[in-house]
Amino acid sequence: MITRQKIGVIGGGQLAWMMAIAAKHLDIELTVQAASPDDSAVTVADRVIYGKVADASATAQLADHCQAITFENEFVDLVALQKLTNRTGDRSLLFLPKLETLAISVDKLNQRQHFREHHIPTPEFYAVDTIFDLLTAAEKLSYPLVLKARRHGYDGKGTWVIADESEMRSAWESMHQAPAITEAFIPFERELAVIAARSESGEIAIYPVVETLQTNQVCRRTIAPARVDSTISKKVETIAQQIVTTLDAIGIFGIEFFLTAEGEISVNEIAPRTHNSGHYTIEGCKTSQFEQLLRVVSGQPLGSVLMVAPVAVMVNLLGFEKTLGVDADYLEKRKAIASFPNTHIHWYGKKSSSVGRKLGHVTILADSHDTAIDISDRIESIWYGN
């Protein structure tokens, strides 16, 4: 039984777009806070409030139409949102995930400190506020090391793999000496990820562990299930459950992991929202991550996370050139990709393309990893050219 039928989303991009499509199947009224009429979700949402993600005054307008508010991304102004929850009135403002959870998960230093406090495996790390902190951390970690902005990093933005002191100083200057962390570089064999859902009652559902393939720190493919031993998958699932429990998390969380050749697992990052690594769930699982988030926020029981095919592979359609308007539509390429059997294409309708920008994705369902990966190779050949 739905206890909340009016849900708000801060953000109007492709994640909110896919959430708005799922909302129609659940008979939920979805209002989005979009930065622009060009945002993907504007055409499918039931109502649109215009304002950038960090615009708390727009969020206040959003709240007038909603029983609960969730998030498309984590670039929100937490201080301003907290003030909204403290405003006088007889109606409480419900954010899911809770702001207390976001305060930990949106800040990479807070994430790492939480992991260390709860004995969750994570790379060695140090807080960086000054050049002295940076040089001291480099001495302790040795090169290569990783430098990350504490907030607002995604798809490789705000993250640098550093080979020497010269690169480190240059990266530090390029990020305008913003609060950061340095951490040990993990020589991983594979990158894994999992989507975890947790309801207000504490019910938890863990989706299949997947393998992600990255290009320039942007996810290019997701392979579900991951091609790893079952003992590895069970370790990942156990850690994911520990993370959402210790965070008292309510919502959907994308969790990224490193796997070394020795079988050691460590947590890379968490995202307090639907996640690129979970796009395959739209066709690949009985309940998509987008429907699952709406189930949590509306107060419904969690849906099944079982896969509906032995294998699903998601291929991101990333921008490979700068184009505007109709030139960013790539209609002929999309028609060719859609002709493959058991292949589902999602096009986000963005008005411009740039190198590495996520323009859409394709999900392939298959009976084996080999078949799905072969089709994925052919799709990428069409999209990027030979």
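The values are calculated or read from the model by the stated rules, or taken from the named source; none is laboratory data. This is a predicted model, so every value here is computed, not measured. As a convention, Cβ positions derive from the backbone with ideal geometry for all residues, glycine included, and neighbour counts pool all protein chains shown. With ligands, DNA and RNA removed, areas are computed over all heavy atoms of the protein, side chains included. Shrake-Rupley method; radii C 1.70, N 1.55, O 1.52, S 1.80 Å.
When all protein chains stay in place, what accessible area (Å², nearest 10, 1.4 Å probe) is found for D129?
90
Rolling a 1.4 angstrom probe over the protein heavy atoms, how many square angstrom per residue are accessible across the chain?
Solvent-accessible surface per residue comes out at 43 Å².
Please turn the phi angles of segment 236-245 into ³J(HN,Hα) values with the Karplus equation 6.51 cos²θ - 1.76 cosθ + 1.60 (θ = phi - 60°), one per residue in order, whole Hz, x for glycine and proline.
Karplus values, whole Hz, x for Gly and Pro: 4, 4, 5, 5, 4, 5, 5, 5, 5, 6.
So for E237, E124, what's the accessible-area order with a 1.4 Å probe, most first?
Details: E237 65, E124 90 Å².
Output order, biggest surface exposure first: E124, E237.
A68's amide H: which non-local residues (gap 5+, or another chain) put their own amide H closer than 5 Å, with H modeled 1.01 Å from N in plane and none for Pro or chain starts?
Excluding prolines and chain starts, which carry no amide H, the hits are G8.
Would you mind pulling out the separation of the Cα centroids of segment 29-100 and segment 310-372, in Å?
That distance is 30 Å.
What list of ³J(HN,Hα) couplings, whole Hz, do you get for segment 117-131 from phi and the Karplus terms 6.51, -1.76, 1.60, once you set θ to phi - 60° and write x for glycine and proline?
Those phi angles translate into 4, 9, 6, 9, x, 7, x, 4, 8, 9, 6, 10, 10, 9, 5 Hz.
Take the alpha carbon gyration tensor of the chain, find the square roots of its eigenvalues, order them as a ≥ b ≥ c, and report rounded if a/c is under 1.5; if not, report prolate when a/b exceeds b/c, else oblate.
rounded
In whole percent, and with a 1.4 Å probe on the protein chains, what portion of the accessible area of the chain is carbon and sulfur?
Heavy-atom surface of the chain belonging to carbon and sulfur, 1.4 Å probe: 50 percent.
Could you give each residue of segment 306-318 its phi-based ³J(HN,Hα) in whole Hz, using Karplus coefficients 6.51, -1.76, 1.60 with θ = phi - 60°, and x for Gly or Pro?
Once rounded to whole Hz, the list reads 5, 6, 9, 9, x, 9, 9, 10, 9, 10, 6, 9, 8.
Highest mean first, what order results for 221-227, 20-26 on Cβ atoms within 10 Å?
221-227, 20-26
Apply the a/c threshold of 1.5 to the C-alpha gyration tensor of segment 244-299 and tell me whether it is rounded, prolate or oblate.
Details: a/c = 2.95, a/b = 1.53, b/c = 1.94.
Judged from the Cα gyration tensor, segment 244-299 comes out oblate (a/c at least 1.5, b/c at or above a/b).
For segment 127-148 and segment 190-239, what is the separation of their C-alpha centers, rounded to whole Å?
Between the Cα centre of segment 127-148 and that of segment 190-239, the gap is 29 Å.
Please report the relative contact order for the chain, taking Cα pairs under 8 Å with a sequence separation of at least 6, and give it as a percent rounded to a whole number.
After rounding, I find 14 percent.
Highest first, please rank the peptides 130-143, 67-80, 297-310 by the mean number of other Cβ atoms sitting within 10 Å of their residues.
Per-residue mean Cβ counts within 10 Å order the peptides as 67-80, 297-310, 130-143.
How would you classify segment 299-386 from its alpha-carbon gyration tensor, with a ≥ b ≥ c the square roots of the eigenvalues: rounded for a/c under 1.5, else prolate if a/b is greater than b/c, otherwise oblate?
On the way: a/c = 2.55, a/b = 1.42, b/c = 1.79.
Oblate is the answer for segment 299-386, as a/c is 1.5 or above yet b/c matches or exceeds a/b.
How would you rank 368-374, 93-99, highest first, on the average number of other Cβ atoms within 10 Å across their residues?
Top of the packing list down: 93-99, 368-374.
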